[in-house]
Amino acid sequence: MTEELRWKTKLSRLVNICMEHGIKIKFKRGVQDVYSPDDKDIVVNSNRTKEFQFYVLLHEFGHYLIDSDPALQKKFEPVSLARKHRLLRDQVLLLEEEVLAWHLGEQTADKYWLSIGPKFRGLKSKCLKAHIKVLTKVHPKKKE
Ligand SMILES: [Zn+2]
């Protein structure tokens, strides 16, 4: 089995797992990867390799798991409510949610015996770095 076919197989297994949870998956070219709780769907950018799409879907499934847990949903409610996160504490909460979504994605891979490769950590780091970059630009005007 070639590398790409191996990742393609894992990706389709994960798509099935998502569908078992009632999540609709759409693959589109050049879009932003996102999980929409209202529509209960995940959009994945299909421009990248199957391996990256697999990791992105793990992460977005992590967001679904957060959203399905009432305690976590309540904890991260300020993030989902605010359109723009101008407060430092909202940015920190957003980062916390992102870290957790990656963690839950990794746990999902473990649970279903879908092993991940070293590029998972690379992608995770890159995505978290982007969030941290935004976070460091926030200058709290109000008292936190
Ligand atoms: Zn995310």
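Picking from residues in region 15-71 that are within 25 Å of residue 3 (Cβ to Cβ), of a type in the set (Gly, Ala, Ser) and surrounded by 12 or more Cβ atoms within 10 Å (Cβ to Cβ), the one that is farthest from the ligand (Cβ to nearest atom) is 46.
Checked against (1) surrounded by 12 or more Cβ atoms within 10 Å (Cβ to Cβ); (2) over 19 Å from residue 64 (Cβ atoms); (3) among the aromatic types (Phe, Trp, Tyr), residue 120 meets all criteria but (2). Within the set 102, 113, the sole residue that is in contact with a Phe, Trp or Tyr (Cβ under 9 Å, 6 or more places away or on another chain) and at pLDDT 95 or above turns out to be 102.
Within region 80-99, the set of residues being more than 19 Å from residue 41 (Cα to Cα) and within 12 Å of the ligand (Cβ to nearest atom) comprises 94, 95, 96, 99. When the criteria are applied in full, residue 6 fails the requirement of being among the basic types (Lys, Arg), on the phi < 0 side of the Ramachandran plot, assigned to a helix (DSSP H, G or I) and exposed (fewer than 14 other Cβ atoms within 10 Å of the Cβ).
The values are calculated or read from the model by the stated rules, or taken from the named source; none is laboratory data. Keep in mind the model is a prediction, meaning the values are calculated, not measured. Glycine also receives a Cβ, built like all others from the backbone with ideal geometry; neighbour counts cover every protein chain displayed.
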